[in-house]
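*Asks:* Please see the structure below; I have some questions.
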Amino acid sequence: MPVVVSLVYLLSHERILTSSKTFVFLFKMSFFCSMLMSMLDTKLKEVLSTTKKHLSMLSSLGIETVRDLLLYYPRAYTDERESTQIIDMKLADTNVVQGRLTSFKMRKGRNGMYIGEGIISDDTGSIPVIWFNQKYLEGVLRIGSRYYFSGKLKYDRGRSVFHGPKVEPISEDVLHTGRIVPVYHETMGLTSKWLRSKIYSVLHYSKEFSDDLPAAIRTELGLVELPYAISHIHFPPDESSLEKARRRLSFDELFYLQLKYMRMRKAWRDGSNSLVIERADDDMKSFVEKLGFSLTQAQRRTLIEILSDMGRGVPMLRLVQGDVGSGKTVIAALAALNVVKNGYQVAFMVPTEVLAKQHFQKLQPQFERLGITAEILVSGVGDKQAIYDRLKSGEIGVVIGTHALIQEKVEFQNLGLAIVDEQHRFGVEQRKKLASHGTPHLLSMTATPIPRTLAMIVYGDLDISIIDELPPGRKEIITRIVEDKKRVDAYRWIREQIESGDQAYVICPLVDDSDALAEVKSVKAEFERLNEGAFKGLAVGLLHGKMSSQEKDSIMKSFKDGDIKVLVSTSVIEVGVDVANATIMMIEGAERFGLAQLHQFRGRVGRGGKQSYCFLLPSKFTPEGVTRLMALTRHHSGFDLADIDLSMRGPGEIYGTRQSGIPDLKIASFADSELIKLSRDMAMRVVEGQ
């Protein structure tokens with residue numbers, strides 16, 4: 001900065017510029033200062049020696065500047081530090097040899113391909129080496145020079161040949177072998193070797209990264225400084241430095257993510273109207289007595305946590321995770337009861353109109369009995385303006401509808417609690433709209449079990465309650481994999497159950513047939529086939545996402561009323577109505593669905609007292625698919641299955657990063673529970689200290 005000030009002073013004195021040498025010096029100094037201050041943000045075209053094509057490929061990966069390139073971390077590493085003597089080389093293994101090139105020639109084969117052949121020697125012997133289509137080596141390799149060679153030994157025409165090894169001169173700055181070698185995500189034209197060379201050429205600028213992590217946290221946790229971490233994540237000299245770099249960068253990624261959520265949480269609570277909700281014990285007791293069953297211990301624990309939150313004078317931010325059928329709705333209703341009895345209103349929001357109608361039909365009589373006015377607000381209701389007026393006047397205590405409940409037209413007299421079913425569909429913008437109604441308590445619910453450590457990230461600003469037990473008497477759903485040769489027997493057995501009064505779902509992955517996926521069943525074709533074949537004479541219905549809301553509601557109502565006996569559907573029933581008489585779930589192309597989704601499908605049956613069944617019919621058998629389906633036959637807890645699915649596929653693939661809000665981590669791991677908890681604790685400490 002003093003250099004810049006001096007420049008400004010000099011340039012303001014005209015006579016000093018009479019010397020051309022002085023002017024040139026000042027120009028160079030000005031250029032140097034600007035480069036120094038902004039090198040990390042310098043465009044790569046200004047610092048890399050490469051082609052426009054390569055720069056374009058980097059740009060397609062979001063890599064435009066020196067900073068971007070240095071933050072493009074390796075996806076894996078190969079340890080090529082241990083050299084092998086030629087006499088000890090093994091077939092099919094990756095061998096790293098330090099040898100002298102004693103002969104080399106390049107020739108053109110009959111097919112026009114260039115073939116390089118040579119001999120490598122060390123103190124223990126010699127080995128022939130061959131490269132295909134790498135003519136550039138002719139200008140690189142020198143007979144008599146020593147190199148690292150890394151590759152596989154193959155047996156060819158009665159002799160062992162070193163086949164296409166990587167080659168690099170022996171020096172202190174080897175990049176591609178003879179060290180812990182970084183491996184990057186590659187794309188057409190951008191190889192790991194090319195990326196290593198280019199990243200190494202700008203690696204010295206890693207020291208310009210400013211370290212914004214509070215020094216107290218760095219010291220307490222023993223974390224290395226950021227420039228060290230960025231440099232050593234690319235080219236670590238040993239495992240220790242690699243682990244230190246990875247831990248620092250992983251912590252940073254998780255910490256700043258958690259910090260964002262903690263600040264969101266603080267902002268929500270700072271806008272509080274201090275709604276203190278007193279417990280309405282007598283009304284809760286009366287409500288539960290009419291249910292016909294007792295609450296489980298998990299339900300009781302969750303209810304206590306919710307009531308405790310609402311009694312503190314700051315807005316509640318709580319997520320209830322519970323398996324399908326675990327009784328989340330009952331707990332939400334009890335929370336709503338307490339809020340209304342304290343003189344406030346409740347908005348109960350669900351993903352679909354079908355689900356809104358189901359909740360209203362179940363809860364309205366219970367609320368009415370306790371003197372609470374409940375109403376439903378969806379597209380099909382009559383006089384919406386009358387409902388808007390009654391909400392504004394406070395006449396309605398509980399309103400049930402979709403997430404559109406918090407739209408601009410709706411005004412509450414005194415909103416005290418918002419209940420959101422399927423939290424992942426309720427984003428930041430919806431929460432902002434909710435805040436415009438006075439920052440009420442917020443209770444979110446999801447039937448998609450997510451491992452606790454992952455939930456800390458996905459729902460970082462929420463406290464979490466888990467309902468991890470089913471109501472007593474609920475029978476486990478018998479789950480079986482059905483091979484195609486057993487299909488006819490399965491149809492025959494299902495038909496017998498339906499003729500005895502039960503109902504069944506048949507799930508298909510596709511709406512229409514696909515030439516590219518000929519083996520995968522489509523819902524339309526399967527509906528026609530079953531209607532004319534195995535279930536001919538039975539009432540078979542068709543449901544898929546391309547239908548209008550009115551059509552879907554009509555079909556679901558007919559199924560729930562028992563008019564439709566077999567419902568052939570796509571995944572639109574994943575979150576659907578309860579049909580107590582539905583006891584059979586048949587899933588075609590089951591290997592195409594993830595465990596979480598399969599478990600959601602299975603949860604559509606077994607809602608009554610009858611024994612229920614889930615049949616998995618794969619369109620093809622793959623090792624991963626079979627492992628996933630076998631897990632479903634053995635495990636009935638959604639939380640166990642979520643852990644298994646996470647270990648097999650990773651969160652982005654399971655839940656979908658865009659739909660679920662799961663961040664795409666560059667280096668941290670969702671499985672690192674220790675670091676996730678640590679980053680959350682530190683983020684909370686920083687926010688609370690602000």
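The values are calculated or read from the model by the stated rules, or taken from the named source; none is laboratory data. Everything numeric in this text was worked out from a predicted model, so none of it was measured. For neighbour counting, all protein chains shown are included, and Cβ atoms are generated from backbone atoms with ideal geometry for every residue, glycine included.
*Asks:* In the range 198-246, how many residues are in contact with a Lys or Arg (Cβ under 7 Å, 6 or more places away or on another chain) and in contact (Cβ under 8 Å) with a residue 60 or more places away in the chain?
*Replies:* Residues in the range 198-246 being in contact with a Lys or Arg (Cβ under 7 Å, 6 or more places away or on another chain) and in contact (Cβ under 8 Å) with a residue 60 or more places away in the chain: 1 in total.
*Asks:* Count, please, the residues in the range 440-497 that happen to be aromatic (Phe, Trp, Tyr) and in contact (Cβ under 8 Å) with a residue 40 or more places away in the chain.
*Replies:* Total satisfying the criteria: 2.
*Asks:* Related question: Can you find a residue that is in contact with a strand residue (DSSP E or B) (Cβ under 7 Å, 6 or more places away or on another chain) and either surrounded by fewer than 19 Cβ atoms within 10 Å (Cβ to Cβ) or charged (D, E, K, R) (or both) anywhere in the range 252-265? Give the steps one after another, and end with the answer.
*Replies:* Within the range 252-265, the first condition is being in contact with a strand residue (DSSP E or B) (Cβ under 7 Å, 6 or more places away or on another chain), and the residues that meet it are 265.
Within this subset, residues satisfying the condition of being either surrounded by fewer than 19 Cβ atoms within 10 Å (Cβ to Cβ) or charged (D, E, K, R) (or both) are 265.
Yes: the range 252-265 contains one or more residues that are in contact with a strand residue (DSSP E or B) (Cβ under 7 Å, 6 or more places away or on another chain) and either surrounded by fewer than 19 Cβ atoms within 10 Å (Cβ to Cβ) or charged (D, E, K, R) (or both).
*Asks:* Got a sec? Which of Arg75, Arg107 is in the same structural domain as His163 (by TED's automatic domain parsing) and surrounded by fewer than 17 Cβ atoms within 10 Å (Cβ to Cβ)?
*Replies:* Arg107
*Asks:* Given the conditions (1) surrounded by fewer than 16 Cβ atoms within 10 Å (Cβ to Cβ); (2) in contact with a helix residue (DSSP H, G or I) (Cβ under 8 Å, 6 or more places away or on another chain), which single one is not true for Tyr184?
*Replies:* Only one criterion is unmet by Tyr184, namely (1).
*Asks:* If I go through the range 585-611 residue by residue, how many of them are in a loop (DSSP other than H, G, I, E, B), of a type outside the set (Val, Ile, Thr) and crowded, with 21+ Cβ neighbours inside 10 Å?
*Replies:* Residues meeting the conditions: 5.
*Asks:* Output the strands (runs of 3 or more DSSP E) that fall wholly within the range 322-427 and possess 1 or more residues being of a type in the set (D, E, K, R) and in the same structural domain as Leu443 (by TED's automatic domain parsing), or say none.
*Replies:* 374-377, 415-421
*Asks:* Would you say Leu249 is part of a helix (DSSP H, G or I), crowded, with 18+ Cβ neighbours inside 10 Å and touching a residue at least 40 places away in the same chain (Cβ under 8 Å)?
*Replies:* yes
*Asks:* Are any residues in the range 569-589 modelled with pLDDT of 90 or more and of a type in the set (Val, Ile, Thr), and if so, which ones?
*Replies:* Thr583, Ile584, Ile587, listed by residue number.
*Asks:* Still on this model: Is it the case, given these coordinates, that Ser201 is modelled with pLDDT under 90, over 30 Å from Val686 (Cα atoms) and outside the structural domain of Asp252 (by TED's automatic domain parsing)? Steps first, answer last, please.
*Replies:* Details: modelled with pLDDT under 90: no; over 30 Å from Val686 (Cα atoms): yes; outside the structural domain of Asp252 (by TED's automatic domain parsing): yes.
It is false that Ser201 is modelled with pLDDT under 90, over 30 Å from Val686 (Cα atoms) and outside the structural domain of Asp252 (by TED's automatic domain parsing).
*Asks:* So, one more: If we scan the range 546-557, do we find a residue that is in the same structural domain as Ala490 (by TED's automatic domain parsing) and under 18 Å from Ile494 (Cα atoms)?
*Replies:* Among the residues of the range 546-557, not one is in the same structural domain as Ala490 (by TED's automatic domain parsing) and under 18 Å from Ile494 (Cα atoms), which makes the answer no.
*Asks:* Within the range 597-633, track down each residue that is among the charged types (D, E, K, R) and in contact with a helix residue (DSSP H, G or I) (Cβ under 9 Å, 6 or more places away or on another chain).
*Replies:* Filtering the range 597-633 down to residues among the charged types (D, E, K, R) leaves 602, 604, 607, 610, 620, 624, 628.
Of everything in the range 597-633, those that are among the charged types (D, E, K, R) and in contact with a helix residue (DSSP H, G or I) (Cβ under 9 Å, 6 or more places away or on another chain) turn out to be Arg602, Arg604, Lys620, Glu624, Arg628.
*Asks:* Need the failing condition index for Leu295 against (1) within 14 Å of Val330 (Cβ to Cβ); (2) outside the structural domain of Lys328 (by TED's automatic domain parsing); (3) not hydroxyl-bearing (Ser, Thr, Tyr), just the number.
*Replies:* (2)
*Asks:* I would also like to ask the following. Take the conditions surrounded by fewer than 24 Cβ atoms within 10 Å (Cβ to Cβ) and either at pLDDT 95 or above or more than 27 Å from Lys475 (Cα to Cα) (or both) and apply them to Leu295. Does it pass?
*Replies:* Criteria not met by Leu295.
*Asks:* What residue, among those in the range 215-236 that are in a loop (DSSP other than H, G, I, E, B) and not aromatic (Phe, Trp, Tyr), is nearest to Phe255 (Cα to Cα)?
*Replies:* Step by step, filter the range 215-236, then rank; the result is Leu223.
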